[in-house]
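The values are calculated or read from the model by the stated rules, or taken from the named source; none is laboratory data. This is a predicted model, so every value here is computed, not measured. Here Cβ is always computed from backbone atoms with ideal geometry, including for glycine, and neighbour counts include all displayed protein chains.
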């Protein structure tokens, strides 16, 4: 078994390019990723890329699928983001979501039709 600090080189944060990865942030492969970037990656990076290759996945799904701790996955995803191998779609902040009252009024209006 390889210790998590060995997989991340002792790092505990994802780096400056990736402020933080929420558990529900969606990760997908970047179609314009440099083809030679994958050859310089470690096996854990390649596992994450393989999981993203099938479909877009959340950070939590990648951690479960790779059987790695979430903290390690965040650091490795930061590496992949800096290399341009993946893209991140962050969740919508709650402040930008519609108000519950507005949604209830829309539902009531639809039921009235």
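Structure notes:
- Being closer than 11 Å to residue 86 by Cβ, at pLDDT 85 or above and not in a helix (DSSP H, G or I) is a condition met by at least one residue of the stretch 52-62.
- Lone unmet requirement of (1) modelled with pLDDT of 85 or more; (2) surrounded by fewer than 13 Cβ atoms within 10 Å (Cβ to Cβ) for residue 31: (1)
- A single entry from 48, 103 fulfils the requirement of being over 12 Å from the mean Cα position of the chain (by Cα) and modelled with pLDDT of 85 or more: 103.
- So residue 74, is it farther than 17 Å from residue 22 by Cβ, modelled with pLDDT of 85 or more and surrounded by 10 or more Cβ atoms within 10 Å (Cβ to Cβ): no
- Tally, over the stretch 64-78, of residues that are outside any loop (DSSP other than H, G, I, E, B) and free of Cβ contacts under 8 Å to residues at least 24 places away in the same chain: 3
- Consider the stretch 84-100 and keep the residues that are in a loop (DSSP other than H, G, I, E, B) and farther than 23 Å from residue 40 by Cβ. The one that is modelled with the highest pLDDT is 99.
- From the list 6, 19, 14, the one residue that fits, being surrounded by 14 or more Cβ atoms within 10 Å (Cβ to Cβ) and either at pLDDT below 85 or assigned to a loop (DSSP other than H, G, I, E, B) (or both), is 14.
- If you check 81, 110, 103 for being crowded, with 19+ Cβ neighbours inside 10 Å and part of a helix (DSSP H, G or I), only one passes: 81.
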